[in-house]
Amino acid sequence: MFRRKKKDEPTDAPQAPEAAEAASVETPSAEASAEPETAAAPTAMESVAAPEATEVAAGTAGAPAKSARGNRVQKVGIVSSDKMQKTVIVRVDRQVLHPKYRRYVRRTSKFMAHDDLGSTIGDRVRIIETRPLSARKRWRVVEIVQKAAK
C-alpha cells in the first residue's frame, strides 16, 4: 500500500540546487575561464538595456490608457440628412454576396452621429462608435473625408 522512498529517487526541493552545482562542476576549465568574460558582458549590456527597459515600461504605462477603450469600430459613409442640430444621419453602404444567386447585393445602414465639424448633405465622413449620446445616437463624426460637390 505505502512505499518507502529510495535514496536514489529525486526529491523536489533539495535536488534542484544540487543539479545546478553538478552542472557547474562538470564544465571544463576552459569554459570556466570564459565565464567571467561572458559574465562581464551581460552586466554591461544590462546597463545599456536598462534605459530601454524603462522606456518600454513607460510606453506600456501609457498604452493601457489608450487600449482601455479598445479598438473602436470605424465606418465611412455619406451624410444623408443634416436637419438636426449637431446630429447627422450617415448612410453606410456595403456589398454582400447573395447566398443563393452568388451576386453582390448592396446593403445600406443608417447611423445617427454627433457632428461638431459641420458636415452637410453629400459629404463623405468617417464615424466612430462611442458611448450612447441619446436614445439612438451612438456614433461620432471624426473627420470629413470628402466635401460634397456643389
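No value in this document is a laboratory result; all are computed from the given coordinates. Because the structure is predicted, anything quoted here is derived from the model rather than measured. Positions of Cβ are backbone-derived with ideal geometry, glycine not excepted, and every protein chain shown enters the neighbour counts.
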How about segment 89-110: which of its residues are over 20 Å from residue 125 (Cβ atoms), out of contact with any His (no Cβ under 8 Å at 6 or more places or on another chain) and β-branched (Val, Ile, Thr)? 96
If you go through segment 130-150 one residue at a time, how many are surrounded by fewer than 16 Cβ atoms within 10 Å (Cβ to Cβ), within 16 Å of residue 90 (Cα to Cα) and charged (D, E, K, R)? 3
Output the strands (runs of 3 or more DSSP E) that fall wholly within segment 92-150 and possess 2 or more residues being more than 28 Å from residue 68 (Cα to Cα), or say none. 104-114
